[in-house]
Amino acid sequence: MRIVVLASGRGSNLQAIIDSVKKGALEVEIGAVVSDKGSAQALERAVKNNIPTRILPAENYTTRAEYDRALAQLITGLNADLVVLAGFMRLLGNDFISKFPNRIINIHPSLLPAFPGLDAQKQAVEYGAKVSGCTVHFVDEGMDTGPIIAQKCVPVIEGDTTETLSARILQEEHRLYAAVLALLGKGLIETDGRKVTIKRS
Ligand code: GRF
């Protein structure tokens, strides 16, 4: 399976995917890393690992629809079976999403449907949640509302700050994203509307 990773920042999830591919744990080829930010650390990680990079800066487009069209064209040209969002900070419009049905996945740092949107870890700490975690889901038109593929719980510990909780969740994100990609790479994930199941091999 050929994937394209979209990332805007640090790229630690991208790194976890690269490391798993290198270990031979994933039947996945990273075709390219695409970013809306030329300064994204994710791009450096890609270059270090000889993965092609593309930059699509938002400033070059006047509307979101125009941006999404350019991005869709780029991804189609890269022959991706799956688009993997890893800290990509732009909302993708319906036109884009409908071009890749069940072929876009995202990781979110909470147990969805709790704490969607920005600053999920801060939301969890401020809410006083006792558990949070991370979710890998297919992307649909809503904000973090697509069918859930897998989740991992992480405790919120007394005295946690946004930073300490984020660090604990991030460790699990790295494992969960690689585990889901391993299943997808083997064709072991089945979808039926909102229901996502793992085929028994
Ligand atoms: C992660 O917390 C991910 O869940 C969220 O954005 C963050 C990206 O981190 N969508 P990184 O760039 O992969 O280090």
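Once label points are set 7 Å from the Cα along Cα→Cβ at both SER39 and GLU141, what is their separation, rounded to one decimal in nm?
Calculated label separation equals 3.5 nm.
Can you compute the radius of gyration and Dmax for the range 1-100, using only the Cα atoms, both in Å?
Cα only, the range 1-100: 13.0, 42 Å (Rg, Dmax).
The range 138-184: Rg/Rh from Cα coordinates, Kirkwood Rh?
Numbers: Rg = 13.0 Å, Rh = 12.4 Å.
Ratio of gyration radius to Kirkwood radius for the range 138-184: 1.05.
Going through the DSSP H helices of the chain, which span 30 Å or more along their own axis at the Cα atoms while scoring at least -0.5 as a mean Kyte-Doolittle hydropathy?
On the way: long enough: 162-185 (33 Å, 0.36).
The answer, listed by residue number, is 162-185.
So if I place +1 on the C-beta of Lys and Arg and -1 on the C-beta of Asp and Glu, and nothing else carries charge, what would the dipole magnitude of the range 48-95 be about its Cα centre? I want it in debye, nearest 20. Please list the in-between numbers first.
Numbers: 5 positive and 5 negative charges, 36 e Å.
So the dipole magnitude of the range 48-95 works out to roughly 180 debye.
Compute the Kirkwood hydrodynamic radius of the chain, taking the inverse of the mean of 1/r over all pairs of distinct Cα atoms, and give it in Å to one decimal. Don't jump to the answer; show the numbers that get you there.
Details: mean 1/r = 0.0581 Å⁻¹.
So the Kirkwood estimate lands at 17.2 Å.
Compute, for the chain, the length of the dipole vector about the Cα centre, with Cβ point charges of +1 (Lys, Arg) and -1 (Asp, Glu) only. Units Debye, rounded to 20. Show your work: numbers first, answer last.
Numbers: 23 positive and 22 negative charges, 117 e Å.
Rounded to the nearest 20 debye, it is 560 debye.
What is the spin-label model distance, in nm, from MET89 to LYS48 if the labels are put 7 Å beyond Cα along the C-beta direction?
2.1
Quick check on the exposure proxy: order SER20, SER110, SER132 from fewest to most C-beta atoms within 10 angstrom.
Working: SER20 20, SER110 23, SER132 26.
Lowest to highest Cβ neighbour count: SER20, SER110, SER132.
Could you count how many Lys pairs in the range 107-201 have their Cα atoms under 22 Å apart, skipping same-chain pairs fewer than 8 positions apart? Provide the component values of the computation, followed by the final result.
Working: LYS122/LYS130; LYS122/LYS152; LYS130/LYS152; LYS152/LYS186; LYS152/LYS195; LYS152/LYS199; LYS186/LYS195; LYS186/LYS199.
Lysine pairs satisfying the spacing and distance rule in the range 107-201 number 8.
Take ILE55 and ASP81, extend 7 Å from each Cα along the Cα→Cβ direction, and tell me the distance between the two endpoints in nm.
My value for the distance between the label points is 3.1 nm.
Roughly speaking, what % of Cα-Cα pairs in the range 107-201 are separated by over 17 Å, rounded to a whole number?
Numbers: 2239 of 4465 pairs.
More than 17 Å apart: 50 percent of the Cα pairs in the range 107-201.
Can you tell me the FRET efficiency between ARG175 and GLN73 if r is taken as the Cβ-Cβ distance and R0 is 35 Å, rounded to the nearest 0.05?
Working: r = 33 Å, r/R0 = 0.96.
Taking R0 as 35 Å, the efficiency between ARG175 and GLN73 is 0.55.
Suppose R0 equals 25 Å. What FRET efficiency, 1/(1 + (r/R0)^6) with r the Cβ-Cβ distance, do GLU158 and LYS122 give to the nearest 0.05?
Values: r = 17 Å, r/R0 = 0.67.
It comes to 0.90.
Read-outs throughout are calculated quantities, based only on the coordinates presented, and are distinct from any laboratory measurement. Because the structure is a prediction, the values reported are computed rather than measured. Backbone-built Cβ (ideal geometry, glycine too); neighbour counts: all protein chains shown.
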